[in-house]
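Before any comments, here is the structure.
The values are calculated or read from the model by the stated rules, or taken from the named source; none is laboratory data. Nothing here was measured: the structure is a model prediction, and the numbers come from that model. We place every Cβ from the backbone using ideal geometry, glycine too, and count neighbours over all the protein chains shown. Each accessible area value is taken on the protein alone, full model and side chains, heavy atoms only, with ligands, DNA and RNA left out. Shrake-Rupley method; radii C 1.70, N 1.55, O 1.52, S 1.80 Å.
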Amino acid sequence: MKDKATKNGVKKPIFKKWWFWVIVVVILAAIFGNTGTKDSVEDGAKDTISSAEQHTEEKQNESTTKDDISFVVTNVPNDVTGNWRIASIAENIEMQDYALDYYKEYFKSDDEIHAIVNFNYKTTTKISVMGNLLDVSVYEYVDKEEHDAKLRFSGMLLKEYHVNKDTGEIEEIQ
């Protein structure tokens, strides 16, 4: 049986083979696809720098230090509402004393609910807005709750406070 590439024992020239033309087209597409004006390259670089500056600025807004306590606020995994935020700390502080400052710094909307996990005290503090008050509820920490919205605030309620947003007055509820 004769080879398909041969006809009467003569091989086809390389430019008559289908795979040769596929390679040529790919090479040409790569060459012409990468050519662009100097301006478009510079614009792309400017966009990249601008994006990096914006990301850095957002990062600085999300992570600040107050009284040498650093909060890094992130979205909550598996949050179906889109309104939950979480921060983790390992400090000897009572969050009700920091709730108003935290609210002013990190809440972008009164619809948000923030959880602050304190690994030193093994507690999770919930801060939410109720009209002119911040509801500050301190729960017993549940292992790995910072990784799943379904586990959030499932520990035993330990204490609850209301903080007046105007005066900063703290009232213990429970």
Some residue of region 95-112 being at pLDDT 95 or above and either in a helix (DSSP H, G or I) or crowded, with 19+ Cβ neighbours inside 10 Å (or both): no
Conditions (1) within 23 Å of the chain's Cα centre (by Cα); (2) buried (at least 17 other Cβ atoms within 10 Å of the Cβ); (3) not in a strand (DSSP E or B): number failed by Gly155: (1)
From the options Glu145, Glu91, Glu160, residue that is within 24 Å of Asp79 (Cα to Cα), open to solvent by less than 70 Å² (accessible area, probe 1.4 Å) and at pLDDT below 95: Glu145
